[in-house]
1. Just one of the numbered conditions (1) among the β-branched types (Val, Ile, Thr); (2) assigned to a loop (DSSP other than H, G, I, E, B); (3) touching a residue at least 40 places away in the same chain (Cβ under 8 Å) is not true of Val55; which one?
2. When the stretch 59-100 is examined, which residues are found to be in contact with a helix residue (DSSP H, G or I) (Cβ under 9 Å, 6 or more places away or on another chain) and at pLDDT 80 or above?
3. If Ala6 passes every condition in (1) in contact (Cβ under 8 Å) with a residue 40 or more places away in the chain; (2) among the hydrophobic types (A, V, I, L, M, F, W, C); (3) in contact with a Leu (Cβ under 8 Å, 6 or more places away or on another chain); (4) over 18 Å from Gly74 (Cβ atoms) but one, which one does it miss?
4. Of the residues that sit in the stretch 27-47 and are without any contact (Cβ under 8 Å) to a residue 12 or more places away in the chain and among the polar types (S, T, N, Q), which one is farthest from Gln97 (Cα to Cα)?
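The values are calculated or read from the model by the stated rules, or taken from the named source; none is laboratory data. These figures come from a predicted structure and were not determined experimentally. Note that each Cβ is placed from the backbone with ideal geometry, even for glycine, and that neighbours are counted across all protein chains shown.
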Amino acid sequence: MIVQHAVSGEVLMLGYMNPEALDKTLESGKVTFFSRTKQRLWTKGETSGNFLNVVSIAPDCDNDTLLVLANPIGPTCHKGTSSCFGDTAHQWLFLYQLEQLLAERNLPIRKPPTPPNCMPAAPNALRRKWVKKAWKPRWQQRYMTALS
């Protein structure tokens, strides 16, 4: 099962759920997994207090995976981060949310341009420096201008 933040859309964690874990999740409203190593059910947050409150559960097209939308109480990962995939896992989520906002406001959505390959011959380090310092800020500035 995949657990996703119900508000931000951030993927929080991945876990295994058997029929008993699904039943307990539906009864309690808190995400419950089946630990294959400990061979027992465990509710996320049972020791830490960092529960995942279920908002909705939906199967995938093959009915072999569940997508659980949940509101976390505290950090999801045992390492203290909001996601088990690290803090940078959702760094591109901002662009998706921005695209949705622009669509709602009926503003044109421009796809990000690619840096030109016709740059004069330069060492890779110089090209990377140019892309990092010149190209990305222009791309970000275009989107920030569209918001205002």
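1. Just one mismatch for Val55, condition (2).
2. Once the filter is applied, which keeps residues that are in contact with a helix residue (DSSP H, G or I) (Cβ under 9 Å, 6 or more places away or on another chain) and at pLDDT 80 or above, the stretch 59-100 yields Leu66, Val68.
3. So Ala6 meets the others, but not (4).
4. Step one: of the stretch 27-47, the residues without any contact (Cβ under 8 Å) to a residue 12 or more places away in the chain are 27, 37-40, 42, 46-47.
Filter once more, keeping what is among the polar types (S, T, N, Q): 37, 39, 47.
Working: Thr37: 38, Gln39: 39, Thr47: 34 Å.
For the stretch 27-47, the residue satisfying everything is Gln39.
Okay, residues lined up against (1) in contact (Cβ under 8 Å) with a residue 60 or more places away in the chain; (2) surrounded by fewer than 16 Cβ atoms within 10 Å (Cβ to Cβ); (3) not in a loop (DSSP other than H, G, I, E, B):
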| residue | (1), (2), (3) |
| --- | --- |
| Thr25 | no, no, yes |
| Gly49 | no, yes, no |
| Ala70 | yes, no, yes |
| Thr76 | yes, no, no |
